[in-house]
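The structure appears below as structure tokens.
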């Protein structure tokens, strides 16, 4: 009898503690904007899956997948139309989902063996034009080429950048814009006639603040990935999830209004605390490791529940990331939901991670 009572009391205590778990203010998904032929299905996914799960933020990586009017030369193949975008905008507005468009700025101006649209149309913006795109891309390589960057000091680059950013903010009716700015390896190159000898942290901070001020003029907040603001050597995070080229000191040079998307994929690193202590609003961003993501969720709840009054609101929540196509993610998620879980051996995907995260948050 006593054992039964004890079990009952412990069960009630567990439920009470569960009920007291802090609400996650932002539950978001960062994903590639859908291809034109998938807009209808993606819109349905927002309405029938994301909204019922409590997702209140959707970051769409648009990049060159839009029919830009200001610079048609930057359009990708079969880009989204204004009508396509408005379909998604209206849906998200109806469902109170914050729709945040993203264009990768500064870094990620190439991929594998080809430049992105910006450097293809304006090769003069290239920070390292002497580094040729390889016929067959391999990493590592002698040029230390991961992705190209544009030169932040080129006198004409921001005329183009601000045109497309302004256009995408307007068509999305956005109150927040994600500028990317992760994994910037080419910055302040010694051969660049404009950047040579410049402080890399000051160059990075200058670009962040310039974009931030432009967006502020449009009543739009700025979001970026946080890796370039972390010291890869001191933390041991290394060159991918942090900076090994001295941009980390920019953390003390940029506006505190910038929202930091703090991504860590292999460990539940606690750098969100540092960003919050520096005065930034921070989102914790998992990818495809469910166990790590669930620990990141637990940490976020702990940060919120134990923070001081001044710090509490800076822990904004969770932003799940996905680096494949929207169609692949949606189809995989629906299959996992239908089967009540991922097939054995295929658990390490963003779709399954998102499924488990949202199930945990819902208390399933």
Problem - Residues within region 103-133 that are touching a helix residue (DSSP H, G or I) at 6+ places or on another chain (Cβ under 9 Å), part of a loop (DSSP other than H, G, I, E, B) and touching a residue at least 60 places away in the same chain (Cβ under 8 Å), tallied - result: 2
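Just to be sure I understand, how many residues within region 278-297 are in contact (Cβ under 8 Å) with a residue 24 or more places away in the chain and farther than 20 Å from residue 221 by Cβ?
Selection size over region 278-297: 11.
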Problem - Count of region 42-53 residues which are farther than 23 Å from residue 103 by Cα and either part of a helix (DSSP H, G or I) or under 19 Å from the mean Cα position of the chain (by Cα) (or both) - result: 4
Exercise for the section: State the number of residues belonging to region 134-159 that are part of a helix (DSSP H, G or I) and within 20 Å of residue 114 (Cα to Cα). Expected result: 1
Fill in the blank from the handout: Checked region 300-318 for anything surrounded by fewer than 22 Cβ atoms within 10 Å (Cβ to Cβ), in contact with a strand residue (DSSP E or B) (Cβ under 7 Å, 6 or more places away or on another chain) and without any contact (Cβ under 8 Å) to a residue 60 or more places away in the chain; matches are 303, 307
Exercise for the section: Could you please find all residues in region 223-241 being buried (at least 16 other Cβ atoms within 10 Å of the Cβ), part of a loop (DSSP other than H, G, I, E, B) and touching a residue at least 40 places away in the same chain (Cβ under 8 Å)? Expected result: 226, 230, 240
Exercise for the section: Name the single residue, out of those in region 242-270 being closer than 22 Å to residue 354 by Cβ and in contact with a strand residue (DSSP E or B) (Cβ under 7 Å, 6 or more places away or on another chain), that is surrounded by the most Cβ atoms within 10 Å (Cβ to Cβ). Expected result: 260
Problem - Count - residues of region 193-207 that are in a helix (DSSP H, G or I) and in contact with a helix residue (DSSP H, G or I) (Cβ under 7 Å, 6 or more places away or on another chain) - result: 3
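Which fully enclosed helices (runs of 4 or more DSSP H) of region 282-364 have 1 or more residues being at pLDDT 95 or above, more than 22 Å from residue 230 (Cα to Cα) and touching a helix residue (DSSP H, G or I) at 6+ places or on another chain (Cβ under 7 Å)?
Ranges flagged: 290-306, 326-339, 350-362.
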Fill in the blank from the handout: Taking first residues from region 151-166 that are at negative phi and without any contact (Cβ under 8 Å) to a residue 40 or more places away in the chain and second residues anywhere that are crowded, with 20+ Cβ neighbours inside 10 Å and in a helix (DSSP H, G or I), the pairs with Cβ under 6 Å that are 6 or more apart or on different chains are 157/125
Practice task
Assess whether residue 105 counts as being closer than 15 Å to residue 62 by Cα, surrounded by 13 or more Cβ atoms within 10 Å (Cβ to Cβ) and at pLDDT 95 or above.
Solution key: yes
Exercise for the section: Kindly indicate which of 100, 184, 165 is buried (at least 21 other Cβ atoms within 10 Å of the Cβ), in a strand (DSSP E or B) and either at pLDDT below 95 or within 23 Å of the chain's Cα centre (by Cα) (or both). Expected result: 100
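The values are calculated or read from the model by the stated rules, or taken from the named source; none is laboratory data. Here the structure is a predicted model, which is why all the values come from computation and not from measurement. Please note: Cβ atoms are built from the backbone with ideal geometry, for glycine as well, and neighbour counts cover all protein chains shown.
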